[in-house]
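Trainee: Attaching a single structure in structure tokens format; questions to follow.
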Ligand SMILES: O=C(O)CCC(=O)C(=O)O
């Protein structure tokens with residue numbers, strides 16, 4: 001459980017790093033299953049509904065960039081989403097009724113795993129209120145060298161920056177005046193978790209080390225935060241996303257800044273694809289990417 005000081009820190013700064021949430025045995029199981037998916041990706045040559053590949057991926061040298069929707073791919077990831085320690089912590093921050101609106105495993109394999117350019121998750125999925133956060137489960141020690149998460153403290157209380165380029169959503173901050181001054185790394189030991197508020201500016205550099213940095217990400221929302229873009233079957237989608245507590249049909253409205261992630265991005269399928277062609281890069285140029 002979080003201490004009152006940790007809760008206050010999260011409210012003010014918009015993030016937390018917490019060690020020793022997953023046991024060494026749980027981490028070992030996550031790694032074992034993940035290694036199997038990397039093996040399976042050898043048979044894949046283009047991005048699909050499950051695998052997102054680094055441009056350098058080959059059958060001989062598999063370079064899996066993201067496993068999509070991991071909780072649907074293997075029970076071990078679903079158990080992590082519902083881990084009692086994680087849910088207890090998240091409940092302290094956004095209340096006991098919780099939905100999950102997304103999950104992913106960003107692998108950032110050794111020697112070159114792709115960066116994620118600066119962005120606010122809120123730009124991708126605005127809701128009626130902003131009691132939304134992402135938990136990152138560190139499957140490896142997460143360091144500056146292997147591309148740990150970087151955050152700009154306190155920015156969850158600030159404006160939503162523009163994430164559009166040439167009139168379409170590009171999934172990264174495009175404001176030419178944006179400078180990530182004061183960025184703070186969330187370094188963790190394997191088994192620790194990061195937490196960041198959906199409006200917090202964050203990103204991460206390429207992996208420049210010989211060690212992988214695999215981060216399993218879960219997006220948790222207060223159940224009374226309703227998506228402003230609810231999809232084609234709003235009630236069915238929403239009720240299916242409830243992981244703790246009861247669904248509600250009365251959303252809580254808060255005075256939050258909103259800009260819809262529309263028109264749709266030129267490249268779709270993952271944040272890496274969305275950010276292709278970004279001119280205002282801070283971590284690396286992905287315009288040479290050949291993945292589809
Ligand atoms: O994997 C990372 O370092 C950042 C992940 C992230 O922000 C995202 O996938 O939205």
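Every read-out reported here was derived from the displayed coordinates using simple, explicitly stated rules and does not represent laboratory data. Remember, predicted model here, so these are calculated numbers, not experimental data. Counting neighbours? That spans all protein chains shown, and the Cβs are built from the backbone with ideal geometry, glycine included.
Trainee: Which number do you get for Rg(Cα) / (2.2 N^0.38 Å) in the range 1-140?
Mentor: 1.15
Trainee: What is the extension gain from residue 211 to residue 239, computed as 0.36 nm multiplied by their sequence separation minus the C-alpha to C-alpha distance, in nm to one decimal? Before the final figure, lay out the partial values.
Mentor: Numbers: separation 28, 0.36 × 28 = 10.08 nm, distance 3.92 nm.
Gain on stretching residue 211 to residue 239: 6.2 nm.
Trainee: Order the peptides 6-19, 256-269 from the highest to the lowest mean number of other Cβ atoms within 10 Å of their residues.
Mentor: On the way: 6-19: 17.0, 256-269: 14.6.
Averaged packing, sorted descending, gives the order 6-19, 256-269.
Trainee: Could you work out the relative contact order of the chain, using alpha carbon pairs under 8 angstrom and six or more residues apart, expressed as a whole percent?
Mentor: 27
Trainee: FRET efficiency for residue 177 and residue 45, Cβ-Cβ distance as r, R0 = 41 Å, nearest 0.05?
Mentor: Result of the calculation: an efficiency of 0.55.
Trainee: A further question on this structure: Please report, to one decimal in angstroms, the Kirkwood hydrodynamic radius of the chain built from all distinct Cα-Cα pairs.
Mentor: For the chain, the Kirkwood estimate is 19.2 Å.
Trainee: Would you please state the base-10 log of I(q)/I(0) at q = 0.24 1/Å for the range 60-163, with intensities from the Debye formula using one equal scatterer on every alpha carbon?
Mentor: Ignoring solvent entirely, the Cα scatterers give -1.55.
Trainee: Pairwise over distinct Cα atoms, reciprocal of the mean inverse distance: report the Kirkwood radius of the range 43-101 in Å, one decimal place.
Mentor: About 13.7 Å for the range 43-101.
Trainee: I would also like to ask the following. I want to check the label-to-label distance for residue 79 and residue 58. Put each point 7 Å from Cα in the C-beta direction and report it in nm to one decimal.
Mentor: About 3.7 nm, to one decimal.
Trainee: Sticking with this structure for a sec: What value, in deg cm²/dmol to 500, does the helix sum -39500 (n - 2.57) over DSSP H runs of n ≥ 4 give at 222 nm once divided by the residues of the chain?
Mentor: -6000 deg cm²/dmol
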